[in-house]
Amino acid sequence: MASLKPVLLTAILAAAQIGWAQAPAYGVGRTPTADEIKAWDIAIGPDGKELPPGKGTAKEGARLFLLKGCGGCHGATGIGGRAPALVKGGPPAVPGQAMPAGMEGMHMVPDTGIMALRSPYAATLWDYISRGMPLNREGTLKPDEVYAITAFLLYKNEVIKSEDEVMDQDTLRKLVMPNRKGYAEIPDWKRNTPRLANYP
Amino acid sequence: MDLKQRDLKQQDLKQQDLKQDSKSSNRRGFLKGGAALAGLAAGAVQSAKAQPPVAELRAKGTSKEQVAYGDRSKYETSVRKSVAERASPDAFGLVFHVNAPLQDFYGSISPSSLHYVATHRGAFVPDIDPKEHRVMIHGMVDRPLIFTMDDLKRLPFVTRQHFVECAGNRAKSTQTTVQETHGLTSNAEYTGVLLSTLLKECGVQKGASWIVAEGAEEVKGAGSIPLGKAMDDCLVAYGQNGEALRPQQGYPVRLMVPGFEGIFQIKYLRRIKVVDQFYMTYNDYGHITTDARAAALANQVGPKSVITFPSGGQKLPGPGYYEISGLAWSGQGAIKKVEVSTDGGKTWKDGELRTTPYRMAHTRFGFHWKWDGKACEILSRCTDELGTVQPSRAQVAKYWNEPLTKGFRAKGMDNTIMAWRIDAEGSIHNGLA
């Protein structure tokens, strides 16, 4: 009986937990299957815990960058296309160019819109490529391909040193990006509170 | 019988009455003569009565316009326009940002067809069959749930007016009209389920602090929203201005995050993941800044107003009475007061709120004014329910310790006071120019 005690305790705690949580009031909607959740759950948080299995190197990424058509919009070397430059050192983008959401003014400052340099987390870069690229075939890149293209952009911007370095779940989670401390967290929101104290 | 034929037939009947000739053989013969004859007959009536026949006064239209789905008058030509910075469709065929003609709006509601448009990256409007569409809530919840559109419509609904505004909605000295300076905001009446209703149905777990909301369009645009806001007044909306959401506004269902920047109001909503941190996903990435103050100002809109009549590009025909009219809104709550100055900001008088000031919604104001025909500058400023007053550009420049140049750019959402300069000829110009 002694060995059952922790199990019982857990059961009681679990029951209490259900009591604390909000109870369903309407019973509308159905429970998604694990596969349904997995298929849709493409958001990768900053810590990269949702990064899927897979791996790739910059060398493979360079090939895929052209093969998948990335170079068609961003320039064969990641510079000089109609879409935002992806590699540092090029001329500033021109006004009117497609820019990522919220970055429409970024063409004014060279290199500020380079994703591999601007992203505080490598997972952010991975998420962006995985969900938003390439144009018209968004979401079709396989995890290995996204890892390879991510590695390519990191290598070309000198965030990683070798084009043979393997990027995977572990390396991307651990990689300290140049802009890691270069962003301010969005403050928590409170009802009936001015958006910024002491702002006119 | 199409409408044209019916018009002709009715015209014909009128003609018969006028001639007091009711012989059926004549009438049949007339109908056989067709349109050319009818035209001649109509001309004859016109000269006889010195006014056009009823058929000519009637608006012409197809059964779609007159019966199935009404169109506006052909004399109403107000249209949206692409932002000057980037044409729509652009080089990639993507629609980017499109300004609403605020100068042509009455009251507080923006017509759905003229509601401003902005997209996550410059995206195609997806063609979504509502029967196939699903909204899934998962992550840190006790009971992940997936809802069909029919499921959502079974649940208790609310109907509320809210504005949406893009962070790019900032007046520049190079712009001419209010459509250009302020047209990246619009206001509509939305109907839907409170997000809190859905989240409670799923049971949010302890430790959760943010949600990630995601769209179903090709780039799956997604953004992070504080859980406190999600549980407070966010709306999973399927109705807009009394009908289904328009495709450009997120058909069949979108998230409304009242008072937050437009980019958070996820269109084509397909998924909400409850999480324990800011996720810095697709849409959030654009907001990265080193300054926490700028980040706070980018999240939410402050109290803001603009005069829409008289406004840039318009002309007053001469001195006399004109009612000044405009819009006021705040991301912090309802508008309490709007003041108007007609002397360049030296003195201010209270305007009148002409629509019910709802929380996080456009409110129409009016102000009685007699123009003396002299050059002047007109401005408006509003105060919201928290007592925050819309600031001037000078105040904001001073806060950031920056010189007030013509090109000064307020950080975050720009809610500074807008001025219109009226010259002695009655022409109205951008006060920032």
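The values are calculated or read from the model by the stated rules, or taken from the named source; none is laboratory data. The shown structure was predicted, so the numbers you read here are calculated from the model rather than taken from an experiment. Virtual Cβ from ideal backbone geometry, glycine too; neighbours counted across all protein chains shown. Note: areas computed on protein heavy atoms with side chains; ligands, DNA, RNA excluded. Shrake-Rupley method; radii C 1.70, N 1.55, O 1.52, S 1.80 Å.
Looking at the range B:355-365, can you tell me whether even one residue there is open to solvent by 20 Å² or more (accessible area, probe 1.4 Å), part of a strand (DSSP E or B) and at pLDDT 95 or above?
Here is the first cut: in the range B:355-365, the ones open to solvent by 20 Å² or more (accessible area, probe 1.4 Å) are B:355-359.
So of that shortlist, the ones also part of a strand (DSSP E or B) come out as none.
No; the residues of the range B:355-365 include none that is open to solvent by 20 Å² or more (accessible area, probe 1.4 Å), part of a strand (DSSP E or B) and at pLDDT 95 or above.
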Residue ID - farthest from B:Lys315 (Cα to Cα), chosen from residues in the range B:82-97 that are in contact (Cβ under 8 Å) with a residue 60 or more places away in the chain and open to solvent by less than 30 Å² (accessible area, probe 1.4 Å): B:His97
Lone unmet requirement of (1) closer than 18 Å to B:Ala167 by Cα; (2) at pLDDT 95 or above; (3) in contact with a Pro (Cβ under 9 Å, 6 or more places away or on another chain) for B:Gly259: (3)
Given (1) more than 14 Å from every other protein chain (Cβ to nearest Cβ); (2) in contact with a Leu (Cβ under 7 Å, 6 or more places away or on another chain); (3) outside any strand (DSSP E or B), number of the condition B:Gly318 does not satisfy: (2)
Tally, over the range B:138-177, of residues that are surrounded by fewer than 21 Cβ atoms within 10 Å (Cβ to Cβ), in contact with a Ser or Thr (Cβ under 6 Å, 6 or more places away or on another chain) and closer than 23 Å to B:Ser330 by Cβ: 1
Single condition B:Gln248 does not satisfy, out of (1) facing chain A (nearest Cβ under 8 Å); (2) open to solvent by 10 Å² or more (accessible area, probe 1.4 Å); (3) part of a helix (DSSP H, G or I): (1)
The lone exception for B:Leu255 - which of (1) more than 10 Å from chain A (Cβ to nearest Cβ); (2) out of contact with any helix residue (DSSP H, G or I) (no Cβ under 8 Å at 6 or more places or on another chain) it fails: (2)
Candidate set: the range B:210-232, residues that are open to solvent by 10 Å² or more (accessible area, probe 1.4 Å) and at the interface with another protein chain (Cβ under 8 Å from one of its Cβ atoms); chosen: the one nearest to B:Leu94 (Cα to Cα): B:Glu218
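Consider the range A:171-187. How many of its residues are of a type in the set (Ser, Thr, Tyr) and within 14 Å of another protein chain (Cβ to nearest Cβ)?
Of the residues in the range A:171-187, the ones of a type in the set (Ser, Thr, Tyr) are A:171, A:183.
If we keep only those that are within 14 Å of another protein chain (Cβ to nearest Cβ) too, we end up with A:183.
Number satisfying all stated conditions: 1.
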Residue within the range B:397-411 that is hydrophobic (A, V, I, L, M, F, W, C) and part of a helix (DSSP H, G or I) present: yes
In the range A:168-184, residue farthest from A:Glu60 (Cα to Cα) [restricted to those that are at pLDDT 95 or above and open to solvent by less than 50 Å² (accessible area, probe 1.4 Å)]: A:Leu175
Verdict on A:Asn136 being more than 21 Å from the chain's Cα centre (by Cα), of a type in the set (S, T, N, Q) and exposed (fewer than 13 other Cβ atoms within 10 Å of the Cβ): no
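What do you reckon, is B:Lys315 among the basic types (Lys, Arg), free of Cβ contacts under 8 Å to residues at least 60 places away in the same chain and touching a Ser or Thr at 6+ places or on another chain (Cβ under 8 Å)? Break it down stepwise before answering.
Details: among the basic types (Lys, Arg): yes; free of Cβ contacts under 8 Å to residues at least 60 places away in the same chain: no; touching a Ser or Thr at 6+ places or on another chain (Cβ under 8 Å): yes.
Against the criterion (among the basic types (Lys, Arg), free of Cβ contacts under 8 Å to residues at least 60 places away in the same chain and touching a Ser or Thr at 6+ places or on another chain (Cβ under 8 Å)), B:Lys315 does not qualify.
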Subset of the range A:36-73 (residues that are in a helix (DSSP H, G or I) and within 12 Å of another protein chain (Cβ to nearest Cβ)): A:Glu36, A:Ile37, A:Lys38, A:Ala39, A:Trp40, A:Gly72, A:Cys73
Residue that is of a type in the set (D, E, K, R), in contact with a strand residue (DSSP E or B) (Cβ under 6 Å, 6 or more places away or on another chain) and either under 30 Å from B:Ser427 (Cβ atoms) or open to solvent by less than 10 Å² (accessible area, probe 1.4 Å) (or both), where the choices are B:Lys315, B:Lys336: B:Lys315
